[in-house]
1. State yes or no: is F122 modelled with pLDDT of 95 or more, surrounded by fewer than 19 Cβ atoms within 10 Å (Cβ to Cβ), closer than 18 Å to F85 by Cα and aromatic (F, W, Y)?
2. What about L308, is it assigned to a strand (DSSP E or B) and of a type in the set (A, V, I, L, M, F, W, C)?
3. Quick one: which residue in D366, D316, D305 is over 30 Å from R96 (Cα atoms) and among the acidic types (D, E)?
4. Give the residues of the range 135-149 that are over 22 Å from M235 (Cβ atoms) and surrounded by 21 or more Cβ atoms within 10 Å (Cβ to Cβ), sorted by residue number.
5. Out of G457, G469, which single residue is surrounded by fewer than 17 Cβ atoms within 10 Å (Cβ to Cβ) and either on the phi > 0 side of the Ramachandran plot or not in a loop (DSSP other than H, G, I, E, B) (or both)?
6. Can you confirm whether Q436 is touching a Leu at 6+ places or on another chain (Cβ under 9 Å) and farther than 17 Å from M309 by Cα?
7. Is it fair to say L132 is at pLDDT 95 or above, crowded, with 19+ Cβ neighbours inside 10 Å and hydrophobic (A, V, I, L, M, F, W, C)?
Amino acid sequence: MKKIILCVLAVAASLAVMVSCKGKSAAGAAEQKDSTYTTVTHPEWSRDAVIYEVNVRQFTDSGTITAFDKELPRLKELGVDILWFMPIYPISEKNRKGELGSYYAVKDYKAFNPEFGTLDQFKATVAKAHELGMKVILDWVPNHSGCDNAWVEEHPDWYAKDSLGNMYGPYDWTDVYKFDYSNPEMRAAMVDAFKFWLTEVGVDGFRCDVAMEVPVDFWDESRPQLQAVKPELFMLAEASVPALQKNGFDMGYNWPMKDLFSEIAATSGQYTFKNEKGEVRTFPSRRAADIDSLLAQQAAAYPRDTYLMNMITNHDLNSWEGTEFERLGNLTDAFAVLSYTLPGMPLIYTGQETGMNRALEFFVKDKAPEWEPRNEYFEFYKNLNALKHTQEALRAGEQGGEMVRYITESPDVYVFSRSKNDSHVTVMVNLGAEEQAVTFTDATPAVDETVVDYFTGETATIPASLKPGEYRVFVKK
């Protein structure tokens, strides 16, 4: 038998520390945690969680936090577990971009953006979310501040300087100044600001912007300090850097998987997004089978039992790189299914659950997504969220099931199963441009009368073929 078992030895969003074996899993090789593991203790509630990115400015017509509150019951019904709020701090006016500015040019780390409401109103939002069983994490900007943050005048030594002694921003970001993390007072002030939101507002953690630009030792040192305040702290790094997840972060971005999804879609002729010059980006040729190589690379690089966040869109992608439909075309739903069933945690961005196919403005107010009437996309993501919650095999980290690959004659047809105790999930997707026969080279997934199609409830049967973008998810009754 030549089925391939990709053993989840360390997992993160799509990382599942995976190794290739023949017929036998090596997942139980390390019963005791050793130096190959992350030292981070993940909150138990994170293991089967779905994270939702909230763009407060664009979420409702008024763009206020009290208007957002009215959507909390809908998000609970959708099956959201973690609310990640994009930055909710006052925005600097100096060098401001656009009418309202970038959320990531922070003027005051201990205040609430008056554009959205008041701090007391946000405290009420956090309390309401907690009452509904949802966690709240804040988008944090540790690498740089807005150009008129009080620290610029009060503590200029906290900022990096160029060869002429001038403060500067990273990349081409002209509305911010970069911090100097060699200054211990600056580090202490940043930790103090973190603690304010944990103690005074009661948030559950942070998503840290460009976390890889901040020294790793800051995260290693600050995590224990923050966890002393919030024992079930959850930290998400906007980075795909294994070292960050050894001691500092629960989860990182799965940017490489996002890129691979786009490359596969482009190879199938589905990538249509045009840049400002009207050009369509070119990509290397990739097929569904290339997912295995990426998983193996991540398995070798990341600490065991860490998470990666799988996504088909987020605020950066939507605003600057095209909607999921422009990047993934008729393969969008199939990639969404993979973002839930490959190892890791899936992300939903504001409006994704409506099938919204337009970019949201970043520096000015935009029209809110149309939340009602609910359409087939709401049900699609609601069902995927329920799948994540009910199937132990899909839990994040090493609590999830090992991944068994079934090789087909077509490199565009990707088939795998994950099993843990009584939970068994089998996934089949066609990520190619043409209809493909589902023909296995050797081992075949176990599908009998005890297995049903998750989305139809009917007894499962292996299809003779799959159309482009078609998918199947089978589970035990």
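1. no
2. yes
3. The unique qualifying residue is D305.
4. Result: G146, N149.
5. So the residue among G457, G469 that is surrounded by fewer than 17 Cβ atoms within 10 Å (Cβ to Cβ) and either on the phi > 0 side of the Ramachandran plot or not in a loop (DSSP other than H, G, I, E, B) (or both) is G457.
6. Answer is yes for this residue.
7. Taking the combined requirement at face value, the residue does not satisfy it.
Let's see how each residue does on (1) within 16 Å of K107 (Cα to Cα); (2) touching a residue at least 12 places away in the same chain (Cβ under 8 Å); (3) within 25 Å of the chain's Cα centre (by Cα):
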{"position": "S163", "(1), (2), (3)": "no, no, no"}
{"position": "D175", "(1), (2), (3)": "yes, yes, no"}
{"position": "V203", "(1), (2), (3)": "no, yes, yes"}
{"position": "M212", "(1), (2), (3)": "no, yes, yes"}
{"position": "L233", "(1), (2), (3)": "no, yes, yes"}
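The values are calculated or read from the model by the stated rules, or taken from the named source; none is laboratory data. Note that the structure is predicted; figures quoted are calculated from it, not measured. No Cβ is skipped: glycine too gets one built from the backbone with ideal geometry, and neighbour counts run over all protein chains shown.
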